[in-house]
Every structure is written in structure tokens, then in C-alpha cells.
Amino acid sequence: MNDKKETIIYSSTDYNKFKIYDWNRQINKNILKKIHKSVTKCGWRQEPIIVDSNFGIIDGQHRYTYAKQHHLPVYYFIADGATREDCQRMNSVRLAWKPQDYIRYYALLGNVDYQRLQALLDTYDDFNIGIVAYAIGSSAAGGHTSQKIVDGTFTCSEADFLKASETLSYLFALDFYIKRIRGRRTQLYQAIMFCCSLRGFDKDRLARRIRETWSTITPPADMESALETLESIYNYRINKENRIYVVTEWKKGR
């Protein structure tokens, strides 16, 4: 089956040829600020606006306005026969992109960091983006992870990828037991990863203890309570000098 070229995308800096209909939504300064923030970090993207045969803007008046203000090319395609109702429908059904949409977008553009992140999400699809990002490393997962993904600034080096693959494989081996603990388990997954990052921590012992005690584990309310639970089951019947106090180590790094 042959693919067909359905739409031709044009570009122009003749801003006067376009017009914003009175019945369209008013320009929102906050949206323009968001576009500016995105352009500052990622550059001007070739996301076309939609115009009718008279170059009236059906969708994309904010992108047009920003391009005009900053002397950037307007990318557009012509939708013959588009109407006011089409504009209202587009505005009412347009959904905000989710982090997963941005990951796929940047990966398809050839961003290697996002390609690695996408590969991990595809391989370990039982885990959400927050868990996978945490496995990649504190530099990537710390603060505002979702915003980094949206802005195109999320990083995942080859070393990060290999480390995360090993970590997620470890979690996956425990997933059968952890899934049987009721409630939200993200904090528990992250707490396990933090424990395993500590020097001298015995990952095999923790895995064994989780398998032995999973039915008694109370769903943690937050990261600290998850660490307290893991510390308790890990240090069970260990000599005092060999115990590892994971909550104390976690608080040191906050």
C-alpha cells in the first residue's frame, strides 16, 4: 500500500496575509509566555497552524501571534472549507500532551536520551515514568522530572541506561510480590531503589526478605514510611554493627 501525501505545509513571513477572526478565542498572554519558554529551551518548532482558503486562522492563533512578534516563520497548511464550527470543535477537543507523548515526540526526532528512556519504558512497561526516571538516576529524576521531559532537557546517558536496566530488572523480579501489597506502591519501588544504591547494602538479602514478608507489609504513605518498612525487614536478626539505617542516610541527602 502506497502512502499518500495528504497535506502540504507552507511557511511564510508575510504576517499580513493571515487574519484572526473576531469569533476566535482572544490571545492569552500566559499562553504566549509558555510558548516563549519552550522556544528559549527547544527552539522554534515546525508545528503548523491551520488556515482556511482565505488565510483566516482556524487553529493556532497563539503560535501565529508569537511568530509575528518575534519575526519567525509561520508554518501553516490550508484546510479548504474549514468553518467557525471546526475552530470551536478543535479548541474543545484538543487535549494537552502527556509526558509519554513528549517522550515519543523527542525520540522520533532522534534525541538519543529520549530514545533510551522510551526503550526502558517499552521493556519495563509495568512501571510508570516516575519509577523509570528514578531508576535512571537522581540527576535525571530529581525535581520537576515531568517539566524536564516536556522541555526536551531530560538526560539519560549510556551509563544511566545500563544502570537503570539493571535496577529495573531487579525490581521486575520482585514485582510479583510487590503488586500484592495494596495501595499506591510508587514510594515502595523508589525506596527499594534508594536502599540498593547505598554502599554495603545487600540487595539479595532485601529481595529475600521481601519475598518472605510481603504479606505483612503495610502500604507506605510516603517515601519515609516506605524506607522505615524496608529498614525494619532488612535489619531483622542482624548484628547491630552490620545494620544499615536507610532512613538516616536518606535524610542526609535531603
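The values are calculated or read from the model by the stated rules, or taken from the named source; none is laboratory data. Because the structure is predicted, anything quoted here is derived from the model rather than measured. Neighbour counts are summed over all protein chains in view; Cβ atoms, including those assigned to glycine, are modelled from backbone coordinates with ideal geometry. When the accessible area is computed, the model is the full protein with side chains, heavy atoms only, and any ligands, DNA or RNA have been set aside. Shrake-Rupley method; radii C 1.70, N 1.55, O 1.52, S 1.80 Å.
Tabulated values for the structure
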| quantity | calculated |
| --- | --- |
| Global geometry of the range 9-69, whether rounded, prolate or oblate, following the gyration tensor of its Cα atoms and the 1.5 cut on a/c | oblate |
| Evaluated at q = 0.12, 0.15, 0.25 Å⁻¹: base-10 log I(q)/I(0), Debye formula over Cα of the range 151-217 | -0.37, -0.55, -1.20 |
| Sulfur and carbon atoms: percent of accessible area, the chain [1.4 Å] | 48 |
| Alpha-carbon gyration tensor eigenvalues x 5, square-rooted, for the chain, Å | 50, 17, 17 |
| Cβ crowding within 10 Å averaged over residues, with 229-235, 8-14 ranked highest first | 229-235, 8-14 |
| Principal-axis tilt of helix 186-197 within the chain, Cα atoms, nearest 10 degrees | 60 |
| J(HN,Hα) series, the range 31-39, from Karplus relation 6.51 cos²θ - 1.76 cosθ + 1.60, nearest Hz, glycine and proline x | 5, 4, 5, 5, 4, 4, 4, 5, 5 |
| Per-peptide average of other Cβ atoms within 10 Å, ordering 131-137, 176-182 highest first | 131-137, 176-182 |
| Net lengthening on full extension, residue 39/residue 17 (0.36 nm per residue, minus Cα-Cα) | 5.5 nm |
| HN-Hα J in Hz across the range 51-64 - Karplus 6.51, -1.76, 1.60, θ = phi - 60°, x for Gly and Pro | 10, 8, 5, 9, 6, x, 7, 8, 8, x, 5, 6, 5, 4 |
| Dipole in debye (nearest 20) - the chain, about Cα centre, beta carbon charges: Lys, Arg +1; Asp, Glu -1 | 720 |
| Crossing angle, helix 84-93 versus the chain [Cα axis fit, 0-90 degrees, rounded to tens] | 10 |
| Normalised contact order of the range 106-254, rounded percent, pairs of Cα under 8 Å and 6 or more residues apart | 18 |
| Nearest 10 degrees, 0 to 90: helix 223-234 Cα axis against the chain principal axis | 30 |
| Lys pairs, the range 150-254 - Cα-Cα below 25 angstrom, 8 or more residues apart or on other chains | 10 |
